[in-house]
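What follows is one structure encoded as C-alpha cells, with my remarks underneath.
What follows draws every value from the coordinates through simple rules; no lab data is involved. None of the values given here were measured: they were computed from a predicted structure. Ideal geometry is used to build each Cβ from the backbone, glycine not excepted, and the neighbour counts take in all protein chains shown.
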Amino acid sequence: MTTINNNYLKLKAGYLFPEIARRVKTYVEANPDAPIIKLGIGDVTEPLPEACRTAMIKAVEDMGDRASFKGYGPEQGYLWLREKIATQDFQARGCDIDASEIFISDGSKCDCGNILDIFGKDNTIAVTDPVYPVYVDTNVMAGHTGEAKDNGEYEGLVYLPINAENNFTAQIPDHKVDLIYLCFPNNPTGATATKEHLKAWVDYAQAHNSIILFDAAYEAFITDSTIPHSIYEIEGARDCAIEFRSFSKNAGFTGTRCALTVVPKTLTAKAADGSDVELWKLWNRRQSTKFNGVSYIIQRGAEAVYSEAGQAQTKALVSFYLENAKIICQELTSAGLQVYGGVNAPYVWVKTPNGLSSWEFFDKLLYNTNVVGTPGSGFGAAGEGYFRISAFNSRENVNEAMKRIREKFD
Ligand SMILES: *Cc1c(COP(=O)(O)O)cnc(C)c1O
C-alpha cells in the first residue's frame, strides 16, 4: 500500500489567497462592471530593466553558437555572477562574504523551504506572527509541527508576536530556540530592523547555538542609511546566520526566477554524535544532488543588475514602487487611518479602524471602493486587526485606488 506524507493533511485548507479570490469572484459576479484594483498579492508589475533584457538576448545568441553554447552549468551558479554579488552586495557593505559561500537558485521561496533538508527534525523553530506563510507551511510539510489549532497556529512552533506596541520587531525569547526566521524589510508589515535589533538576535543566536534564517528579499527598498541590508553587517553573524536574497523584487524577476542563498563556511550545527558539521558542505551536497542550476540566460540577466546601467535601472524601479508606497501612506493617513511600513518597504500595514476585523475591513474596502488588499489575519493570528496594501502596481492604479478610498470608504 502506498502512503502519503501525512504532514500535508495538517495544512490548513482555506489558505489566504484562494479565499481572497473567492470573495472577489462573488462580488464581481454580482457586480460585473466593478473596476477592481488589486493591491493584494506581492507581485511586481513593471517590466524588466533594459540592461537585464539586453543581457538575456545576448545570452540566447551565445546559446545559438557552438563555441559559446552552454550545457549544464555549475550547480552553485556561475562564478562571474557569484563574484559580482559577493563584491557589490556584501563586501561593499563591509560583509565578509566570499563568492564560494553564495549559491544561486531559481527562487528564495524554494530556498527557504529547501533549507530544511539539511536540519534535524528535533529543532525548536521560531517565527514571527504575522509571518510570510512559506516559513510555516514548509515546516508543517517537513513534519516539524503538530496539528493546527483553532486560531491558525500550529502546535510545536514558537510564535513571536510583532505589533505596533513592539514596533513590529519581536521580543527576543527568554528560552532557547534552534532556528529563527527573520525577514527585514518585513513582508507583510513593511517594518525594518535597526542594527541594534539584529545585533541582539545575533548575540542570542551565538549564546544559544541557534541559527538565524534571514530573508532579505526586500533589502533594495531600504532608503534609510542606518538600516542594515544584510545580517552579515552584524559582527558574529557568519557563525549563526544563513541569508536569502532574490532578484524578484529589486529587478522584477518574479516571473524570470533568480535568487541566492548565502551559507558561510564558518557556520556549523550538531550531528547526532555531538560533532560540529559545516552547513556549507551539506547545502552544497543538497544542491548538487537535487538541483541542476539556474539557466545560463537568466544568470546573465541577473549579472546585468550589477552593471552601471543595471544599477541605475533597478534603483529607478525600486524608487517607483517606493513612491507608490509613499502616496498610499499619505492618502490613507489623511483618510484617518493609522499606517505602518511603506518607507523602506513596498508594503503598507494598516490598522483597521473602529475595531473592524481584518476580513471585515477587506469586505468593506471591496464593496465600497472596489479595492482589494490582504487581510492581516491571513499572515497569522497576531495580524488580526491589520491589513496589507501592496505598492506593486501602476501609478495610475495607486492614484485611482487612493482617490476612491478618500471619497468612498465611509
Ligand atoms: C517575494 C518574496 C521572496 C522572493 O521569492 P522568490 O521565490 O525569489 O520570488 C522571498 N521572501 C519573501 C518574504 C518575499 O515576499
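Remark: region 16-26, residue by residue, has Karplus-estimated 3J(HN,Hα) of 3, 5, x, 5, 4, 4, 5, 5, 5, 4, 4 Hz, where x stands for each Gly or Pro and the curve is 6.51 cos²θ - 1.76 cosθ + 1.60 at θ = phi - 60°. Spacing of the modelled spin labels on Thr194 and Cys110, each 7 Å from Cα toward Cβ, amounts to 3.9 nm.
Fewest Cβ neighbours within 10 Å first, please rank Thr145, Thr289, Thr124 accordingly.
Details: Thr145 20, Thr289 10, Thr124 17.
Starting with the residue having the fewest Cβ neighbours, the order is Thr289, Thr124, Thr145.
Spread over its residues, the convex hull of the C-alpha atoms of region 2-119 is 273 Å³ per residue.
Proximity of backbone amide H atoms, modeled 1.01 Å from N, is registered between Leu160 and Val127, Thr128, Asp129 at under 5 Å, excluding neighbours fewer than 5 places apart on the same chain.
Note that region 337-410, at 10 °C in a medium of 1.306 mPa s, gets a Stokes-Einstein diffusion coefficient of 128 µm²/s from its Kirkwood radius over C-alpha pairs.
Between region 377-410 and region 25-66, how many Å separate their Cα centres? Between the Cα centres of region 377-410 and region 25-66 lies a distance of 21 Å.
In order along region 67-73, the Karplus-derived 3J(HN,Hα) couplings, from 6.51 cos²θ - 1.76 cosθ + 1.60 at θ = phi - 60°, round to 5, 10, 4, 10, x, 3, x Hz, and Gly and Pro are given as x.
Taken over region 52-308, the convex hull of the Cα atoms encloses 135 Å³ per residue. Listing Lys10, Lys109 from fewest to most neighbouring C-beta atoms within 10 Å gives Lys10, Lys109. Hey, which aspartates and glutamates would be in cross-link range of Lys176, C-alpha to C-alpha under 19 Å, not counting anything within fewer than 8 residues on its own chain? Once the sequence-local aspartates and glutamates are set aside, what remains near Lys176 is Asp122, Asp129, Glu155, Asp203, Asp239, Asp276.
Taking amide hydrogens as placed 1.01 Å from N in the peptide plane, the amide H of Tyr154 sits under 5 Å from those of Lys149, each at least 5 positions away in sequence or on another chain. For the pair region 128-176 and region 221-242, the centres of their Cα atoms are 22 angstrom apart.
Within the set Lys38/Lys109; Lys270/Lys315; Lys12/Lys290; Lys12/Lys70; Lys149/Lys364, which residue pairs have Cα atoms separated by over 32 Å?
Details: Lys38/Lys109 22 Å; Lys270/Lys315 41 Å; Lys12/Lys290 28 Å; Lys12/Lys70 43 Å; Lys149/Lys364 28 Å.
Distance filter (> 32 Å) returns Lys270/Lys315; Lys12/Lys70.
Quickly estimate the mean residue ellipticity at 222 nm for the chain, helices only: each DSSP H run with n ≥ 4 gives -39500 (n - 2.57), and the total goes over all residues, rounded to 500. Kindly include the intermediate steps, with their values, before the conclusion.
Working: 11 runs with 138 residues, N = 410.
Mean residue ellipticity at 222 nm (helix-derived): -10500 deg cm²/dmol.
For region 146-159, the Karplus equation 6.51 cos²θ - 1.76 cosθ + 1.60, evaluated at θ = phi - 60°, returns couplings of x, 7, 6, 8, 4, 7, x, 7, 9, 4, x, 8, 9, 9 Hz by residue, with Gly and Pro reported as x.
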